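What follows is one structure encoded as structure tokens, with my remarks underneath.
Coordinate-derived values only; no laboratory data. Keep in mind that this is a model prediction, so the values were computed, not measured. Here the Cβ is made from the backbone with ideal geometry for all residues, glycine too, and neighbour counts use every protein chain on show.
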DNA sequence: GCACCTTCTGTTCACGTAAACATTCTTGGC
DNA sequence: GCCAAGAATGTTTACGTGAACAGAAGGTGC
């Protein structure tokens with residue numbers, strides 16, 4: 001009775017089961033628990049022989065440090081929260097991938113929350129969810145319409161946002177939306193198109209508006225007519241729907257779509273209506289998704305360096321975690337170069353093409 | 001001097017800064033800390049007036065429960081680890097999205113790790129990384145070549161895998177790869193093609209092999225010649241490269257690609273060589289990515305219900321967490337229906353087509 | 001009026017870890 | 001051989017929380 005096995009005492013009283021503790025290892029190795037802790041964290045030197053003894057005991061018991069206890073003691077979780085919309089979109093996933101990679105390199109893991117819509121309420125709900133999770137920092141990809149005030153961010157939590165609209169409120173990293181859009185529109189004008197039409201993203205999207213504004217301004221400064229923009233929602237379906245109406249119009253020779261998916265839908269509709277790309281209509285996209293080069297015709301587009309954006313976001317968090325640096329006003333801009341492929345060409349003299 | 005402000009004692013000795021604690025709230029509200037805990041967890045009833053007083057104090061201090069302490073006490077983190085490859089791929093991101101959504105519904109967050117390659121070493125490294133994070137369960141998407149033994153999974157950790165090869169080792173959920181592939185090949189045979197060629201995924205991929213095997217068997221049982229498969233790697237680039245060689249061959253009239261991206265690359269190459277789809281060559285993909293319907297021509301493909309797979313994976317974890325259910329042998333199969341679009345048609349009599 | 005039950009609140013304690021401080025052991029100079 | 005100096009290890013303590021138990025307040029039946 002009294003010769004009860006030591007290990008069996010677990011789960012006896014009011015606590016949930018858990019593995020062997022640092023104390024169990026210490027007992028087996030014949031050292032103090034502090035020495036086990038030193039081996040486990042590598043914080044202070046331990047004599048080689050002692051270390052071996054401790055490591056043996058760890059292996060024997062299958063010991064793994066209790067992370068809750070460690071986090072409690074150290075005051076951090078080595079984990080970053082990440083809020084994104086629509087993980088499926090190429091831009092999101094690439095950025096996420098880069099964030100994960102960069103975070104991991106720093107020894108951090110990433111807790112991902114995907115919000116349906118970029119609305120303020122959804123995002124702040126996600127913030128609530130995450131700040132009730134164990135995180136040391138928060139990255140928000142495409143904050144869009146959310147206002148900083150509405151987010152109710154814990155004031156001490158390091159934050160990084162991939163949206164330039166938050167400049168001055170939170171450190172931000174973003175692609176040069178305006179520069180890329182200007183290059184796209186200018187490219188079409190340089191080819192000789194009288195004007196350029198635009199398929200915009202949803203009106204509540206920051207990047208969509210930046211692209212639309214840049215498109216409008218580039219046309220204006222060139223002294224061209226600014227047609228009304230078509231309202232899309234990022235989806236290929238929207239591009240297809242809009243494309244079906246564009247296909248009936250003779251006056252549209254060049255279209256700048258706010259992303260590649262809509263450009264693909266547009267091209268689909270044009271093909272279907274027997275209009276040729278780029279002979280009848282030139283098309284430029286935005287993002288340079290992997291498939292852009294393999295659409296027919298291969299798509300001229302503006303490349304976003306999602307990978308770098310993701311890395312930069314993590315760096316911004318790390319700098320806040322490390323040096324208690326004040327980064328509120330920080331704003332990093334990543335270039336967005338135009339990639340010319342075969343979906344753009346000089347306009348042909350207007351004619352009804354056969355076939 | 002002695003009238004020091006209470007709140008300032010934080011960070012005095014050896015502990016990192018942190019917010020107000022449950023005790024601070026209790027003091028301000030004039031109750032015991034246990035009552036604060038009751039309000040915070042809602043575990044036991046508290047008189048309305050008292051609750052209000054506590055909530056007021058919480059608001060006033062900006063109190064948020066310390067999650068490390070809570071996790072330590074309760075023995076769980078309300079967090080699930082998720083290991084994926086190539087978040088960019090449509091299938092991955094859709095599954096991830098569904099996992100996140102389902103987990104959140106259960107009050108869990110998701111820690112995501114992205115491994116470069118599905119190799120055993122990479123995956124087990126990711127497992128190491130994650131099991132040093134605070135997680136209560138682990139989902140592995142596409143375990144591929146990793147052998148269960150090599151993964152060194154903590155034996156008590158609930159696991160779910162989206163790969164049927166782990167049946168018997170870990171609970172698994174997967175699409176009906178074989179059924180979908182059979183339907184694709186049979187569809188082409190039914191249209192009258194003498195045989196069907198195959199662009200395979202990487203040979204170290206489980207699903208790729210399942211699809212290739214099903215293709216081979218369907219041809220054999222129909223008494224057709226089984227040509228050598230082309231070796232791809234899931235990328236559109238590979239499809240394009242292989243397509244360029246296929247375009248020179250007159251005997252290839254039907255191709256079943258192991259995923260939509262490779263199908264897109266293939267179609268690109270065929271277009272470029274002046275071969276028509278589906279008139280000269282019929283093409284079927286796999287996955288039904290969002291763009292599949294907007295390729296030119298719209299792609300016939302096998303749809304994978306990634307969303308359901310993600311949900312099911314979480315359910316498997318929850319069942320293990322809840323009932324201590326033994327699910328080792330569990331294997332859920334999700335149907336993969338064929339979606340017929342315009343990239344497939346009956347073969348035309350062989351001729352050199354103009355244009 | 002009193003025992004009894006119910007409902008709410010308070011007290012004590014342990015979770016597993018690592019920082020701070022204390023002690024022991026080694027080593028080398030003289 | 002002795003002492004100082006440094007390295008290695010041990011002891012004590014607190015992190016913030018919630019479970020278990022204990023006690024107080026209020027209501028009910030007879």
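Under a crude label model (7 Å from the Cα following the beta-carbon direction), how far is residue B:125 from residue A:73 in nanometres?
Here the answer is 2.8 nm between the modelled labels.
Can you give me the orientation-averaged projected area of the convex hull built on the Cα atoms of the range B:71-112, in nm²?
Result: 3.0 nm².
Averaged over its residues, how many other protein chain Cβ atoms are within 10 Å of peptide B:87-100's Cβ atoms?
Mean partner shielding for this stretch: 5.
Can you tell me the order of B:307-315, A:134-142 when each peptide is scored by its average per-residue count of other Cβ atoms within 10 angstrom, highest first?
Result, highest mean Cβ count within 10 Å first: A:134-142, B:307-315.
Bin all alpha-carbon pair distances of the range A:15-95 at 10 Å intervals from 0 and give each bin's fraction as a whole percent.
With a bin width of 10 Å, the distribution comes to 16, 36, 21, 13, 13, 2.
Please state the shape class of the range B:241-289: rounded when a/c is under 1.5, otherwise prolate if a/b exceeds b/c and oblate if not, all from the C-alpha gyration tensor.
Prolate, since a/c reaches 1.5 and a/b exceeds b/c.
Just the Kirkwood number for the range B:165-260, please: inverse of mean 1/r across all distinct Cα pairs, in Å, one decimal.
Taking every pair of different Cα atoms in the range B:165-260, averaging 1/r and inverting gives 14.0 Å.
Placing the label point 7 Å from Cα along the Cα-to-Cβ direction, what are the distances from residue A:222 to the equivalent spots in the other copies, shortest first, in nm to one decimal?
Reported distances to equivalent positions: 5.1 nm.
Per residue of B:105-116, count partner chain C-beta atoms within 10 Å of its C-beta, then hand back the mean as an integer.
Average per residue, whole number: 5.
Could you tell me whether the range A:244-332 comes out rounded, prolate or oblate from its Cα gyration tensor? Rule is a ≥ b ≥ c as square roots of the eigenvalues, rounded for a/c under 1.5, then prolate if a/b exceeds b/c, otherwise oblate.
Because a/c hits 1.5 or more and a/b exceeds b/c, the range A:244-332 counts as prolate.
Between the range B:74-107 and the range A:31-90, what is the separation of their alpha carbon centroids in Å?
24 Å
Put a point 7 Å out from Cα along the line to Cβ at residue A:190; what are the distances to that point in the other copies, in nm, shortest first?
5.2
Sort the range A:196-241 into rounded, prolate or oblate with this rule: let a ≥ b ≥ c be the square roots of the eigenvalues of the Cα gyration tensor; rounded if a/c is under 1.5, and if a/c is not under 1.5, prolate when a/b is larger than b/c, oblate otherwise.
Oblate, since a/c reaches 1.5 and b/c is not below a/b.
Taking the alpha-carbon centroid of each part, what is the distance from the range B:168-185 to the range A:174-203 in angstrom?
If you average the Cα positions of each part, the centres end up 45 Å apart.
Roughly how many nanometres apart are two label points built 7 Å out from the Cα toward the Cβ at residue A:59 and residue A:157?
Distance between the two pseudo-spin positions: 4.2 nm.
With a cut-off of 8 Å between alpha carbons and a minimum separation of six or more residues, what is the relative contact order of the range B:183-239 in percent?
So the answer I get is 40 percent.
Considering every Cα-Cα pair within the range A:186-312, what fraction, in whole percent, is farther apart than 18 Å?
So the pairs more than 18 Å apart make up 49 percent of the total in the range A:186-312.
Taking the convex hull of the Cα atoms, report for the range A:160-218 its projected area averaged over all directions, in nm².
4.3 nm²
How many percent of DSSP beta bridges within the range B:208-342 run antiparallel, rounded to 5?
Here the antiparallel bridges make up roughly 20 percent for the range B:208-342.
Counting alpha carbon pairs within less than 8 Å and at least 6 residues apart, what relative contact order, in whole percent, applies to the range A:205-355?
That works out to 20 percent.
For residue A:204, place a label point 7 Å out from Cα along the Cα→Cβ vector, do the same in each other copy, and report the separations in nm, one decimal, smallest first.
The projected label point of residue A:204 is separated from its counterparts by 4.4 nm.
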